[in-house]
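Derivation of every value follows stated rules applied to the coordinates shown; laboratory data play no part. What you are looking at is a predicted structure, and each value in this text was computed from that prediction instead of being measured. Here the Cβ is made from the backbone with ideal geometry for all residues, glycine too, and neighbour counts use every protein chain on show.
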Amino acid sequence: MSRRIALVVGTSTGGVGRHVRSLAEGLRERGHRVVVVGPASADRAFGFTEAGLRFAPVPIGAAPSVGDPAVVLRLGPLVAGADVVHAHGMRAGALCALAGVSPLVVTAHNAPPSVGGPLSAAYPVLERIVARRADVALGVSGDLVRRLRAAGARRARMAVVSAPPVGEPLIGREATRADLAVRPERPLVLTIGRLVGQKGLDTLLAAAPSIADRRPEPVVAIAGDGPLWGALHDTAAELKADVRMLGHRTDVADLLAAADLFCLPSRWEGPSLVIMEALRAGLPVVATRVGGIPDLYGGTVRMVAPDDPRGLAAEVGRVLDDPDLAEELRSRARRAAEALPTEEDAVAAADGVYAAVARRWSAARGPSW
């Protein structure tokens, strides 16, 4: 059955926007009529219009704004004809709820922000609004689902999220390592992510000298950009370790092919699309025991506590120093990759939620005369 579906997204620079685009394209392929609603910056970053999707610009920012009442007034009429509205992120979900949008599905993609910012104080209020007004509340990790239930959500469950394929390497391992000036015998420890506090890259830099204290000396490569670029670059330059700040990269498949180990020192992660990408590349992974990582990757990746440079360095070193362990982790990665949800799985799961919501609304309205 074809439905009119509105996908609402706020300001996004990473996995949320990629997921929404994948979902929009998949739903369109299933015959649904889809419109994406969000800030113009999201369209520029993720190419909704370029993909032939309908896009309606609405300035849903990352933090509370004096413009929020106008956004609420605009959202209601804009999505009034939709059979289901699916908001991504707590801000987008709460604004839709305040606009009286229904039926409403909301996916929580991130943990509460760090204490101190304007969104930190507002977040519990947004969470309660979403939990009590959304027909279904989804969380990308078990801890988010538990938070939604504690906030009053009657129907809270896990969302299905998949990393879009990064494609095949274009130039391969040897050529990429040559471009990075990494000699064949030197281990390459790679991380990829936005340079923000949540990603814990200061912990990786603090661990780097201990990781480097072996022969041949490993190279630590950090790919990505973001507001902490300058601070991280300056810190890396002072270290007694070979840390390469690679900046924004479009050759993710080649970087993964060139690496010997993937490291993710985040303070919180949901399903971590980048871990999915690393597992598909058959890489050993060392990550922090936070958010959705223990639920989704237990027994596959090596896990350490967040904000523990000594523990992170020890675990990375253990994998680098033990070829048998590294090979076992590569085997686990390949097996786990086969079981990861696909984009089609994510679309089918969302479509199933929409169908259930539509049935409940149809039953509540009763027969039409």
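Take the alpha carbon atoms of segment 43-79, find their center, do the same for segment 168-202, and report the distance between the two centers in whole angstrom.
Cα centres, segment 43-79 to segment 168-202: 35 Å.
One-quarter of the Cα convex hull surface for the chain, in nm²? Could you put the intermediate results ahead of the total?
On the way: hull surface 75.0 nm².
Mean orientational projected area (the chain, Cα hull): 18.7 nm².
Could you put Tyr123, Tyr354 in order, starting from the residue whose Cβ has the fewest other Cβ atoms within 10 Å? Can you show the working numbers first?
On the way: Tyr123 19, Tyr354 23.
Fewest-to-most ranking of Tyr123, Tyr354: Tyr123, Tyr354.
So what is the relative contact order of segment 232-369, in percent, for Cα pairs below 8 Å that sit 6 or more residues apart?
On the way: 131 pairs, mean separation 26.8, N = 138.
Worked out over segment 232-369, it gives 19 percent.
What are the ³J(HN,Hα) couplings of segment 17-26, residue after residue, when phi is run through the Karplus curve with 6.51, -1.76, 1.60 and θ = phi - 60°? Round to Hz, x for glycine and proline.
x, 5, 5, 5, 5, 4, 5, 4, 5, x
Nearest 500 deg cm²/dmol is fine: what mean residue ellipticity at 222 nm does the chain get from its DSSP H runs of n ≥ 4 alone, each adding -39,500 (n - 2.57), divided by its residue count?
Rounded to the nearest 500, the figure is -14000 deg cm²/dmol.
Under the Karplus relation 6.51 cos²θ - 1.76 cosθ + 1.60, θ = phi - 60°, what is the ordered set of whole-Hz ³J(HN,Hα) values for segment 353-358, x standing for Gly and Pro?
Computed from phi, the couplings for segment 353-358 are 5, 4, 4, 5, 5, 4 Hz.
Please report Ser141, Ser65, Ser22 as a ranked list, fewest other C-beta atoms within 10 angstrom at the top and most at the bottom.
Ordered by Cβ neighbours within 10 Å, fewest first: Ser65, Ser22, Ser141.
Over all alpha-carbon pairs in segment 240-369, figure out the percentage whose distance exceeds 21 Å.
Numbers: 4349 of 8385 pairs.
Cα-Cα pairs in segment 240-369 separated by more than 21 Å: 52 percent.
Return His248, His109 ranked ascending by Cβ neighbour count within 10 Å, so the fewest neighbours appear first.
Numbers: His248 11, His109 27.
So the ranking, lowest neighbour count to highest, is His248, His109.
Using only the C-alpha atoms of segment 181-278, find the volume of their convex hull and express it per residue in Å³.
Working: hull volume 9.0 nm³, N = 98.
In segment 181-278, the Cα hull volume divided by residue count equals 92 Å³.
How large is the convex hull of the C-alpha atoms of segment 172-339 per residue, in Å³?
Looking at segment 172-339, the number lands at 100 Å³ per residue.
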